[in-house]
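Heads up, the thing below is written out as structure tokens.
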Amino acid sequence: MARYGMLIDTKRCVECFGCRVACQMQNGLPPEEAFIRFYEKETGTFPNVNIQILPVQCQHCENPPCMANCPTGATYKTKDGIVLVDENKCIGCKYCVVSCPYQARVPNHKTGVVEKCRFCVEEVEAGREPICVATCVGNARIFGDLDDTNSEISREIIKRKAVPLRADLGTKPKIYYVR
């Protein structure tokens, strides 16, 4: 069984928002809701200043606090490690919103369901990549099986020295960043 993850190379991200817009279209999100957020960090001193872009979304943690704190079991993990939400079980209590250290939960104000990135599970099940990966013009995203040592993602995590965000929290995120 695969254990899916993603690598995001912030050096290649051009902040075109293509991944975000494609994700919004794929998930039928209105313009004001998004599963991918962008943070900018300025480094250096004038005149040698750089801007680092950090796209953040659900990290599909091995140990997701959002799942542990969901009182109805609406948040669950698939066999291949994708963290999903059963909208029929979600009561909109927002415990998952509060417990997610990556601020990756998005309340749907029409349905009351708290949503998040789903790694485009229907695309993955059909043998395709998540839409954010497929539309990335900078080739900043790689998706694949973290347990397959021969997969592109596994090789690139080692080669590019990619690391997860806030590994110190013990959530074991499955999105790795090159910074």
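The values are calculated or read from the model by the stated rules, or taken from the named source; none is laboratory data. Keep in mind that what you see is a predicted model, and the values were worked out from it rather than measured. In this analysis, Cβ positions are derived from the backbone assuming ideal geometry, glycine residues included, and neighbour counts consider all displayed protein chains. Each accessible area value is taken on the protein alone, full model and side chains, heavy atoms only, with ligands, DNA and RNA left out. Shrake-Rupley method; radii C 1.70, N 1.55, O 1.52, S 1.80 Å.
If I go through the stretch 95-116 residue by residue, how many of them are in a loop (DSSP other than H, G, I, E, B), open to solvent by 40 Å² or more (accessible area, probe 1.4 Å), of a type in the set (Ser, Thr, Tyr) and within 16 Å of residue 68 (Cα to Cα)?
Residues meeting the conditions: 0.
Could you please let me know if residue 69 is out of contact with any helix residue (DSSP H, G or I) (no Cβ under 8 Å at 6 or more places or on another chain), surrounded by fewer than 19 Cβ atoms within 10 Å (Cβ to Cβ) and free of Cβ contacts under 8 Å to residues at least 60 places away in the same chain? Even if it seems obvious, please write down each step before you answer.
Details: out of contact with any helix residue (DSSP H, G or I) (no Cβ under 8 Å at 6 or more places or on another chain): no; surrounded by fewer than 19 Cβ atoms within 10 Å (Cβ to Cβ): yes; free of Cβ contacts under 8 Å to residues at least 60 places away in the same chain: yes.
Criteria not met by residue 69.
Among the residues of the stretch 126-179 satisfying the criterion of being assigned to a loop (DSSP other than H, G, I, E, B) and hydrophobic (A, V, I, L, M, F, W, C), which is farthest from residue 79 (Cα to Cα)?
Per the stated criteria, the residue is 137.
Answer with yes or no whether residue 76 is aromatic (Phe, Trp, Tyr) and either in contact (Cβ under 8 Å) with a residue 12 or more places away in the chain or open to solvent by less than 70 Å² (accessible area, probe 1.4 Å) (or both). Explain how you work it out, then say what you get.
Working: aromatic (Phe, Trp, Tyr): yes; either in contact (Cβ under 8 Å) with a residue 12 or more places away in the chain or open to solvent by less than 70 Å² (accessible area, probe 1.4 Å) (or both): no.
So residue 76 does not fit the description; no.
Given the criterion open to solvent by less than 40 Å² (accessible area, probe 1.4 Å), in a loop (DSSP other than H, G, I, E, B) and either under 25 Å from residue 166 (Cα atoms) or touching a residue at least 12 places away in the same chain (Cβ under 8 Å) (or both), identify the matching residue among 33, 62, 87.
33
Of the conditions (1) under 15 Å from the mean Cα position of the chain (by Cα); (2) hydroxyl-bearing (Ser, Thr, Tyr); (3) open to solvent by 10 Å² or more (accessible area, probe 1.4 Å), residue 154 fails just one. Which one is it?
(1)
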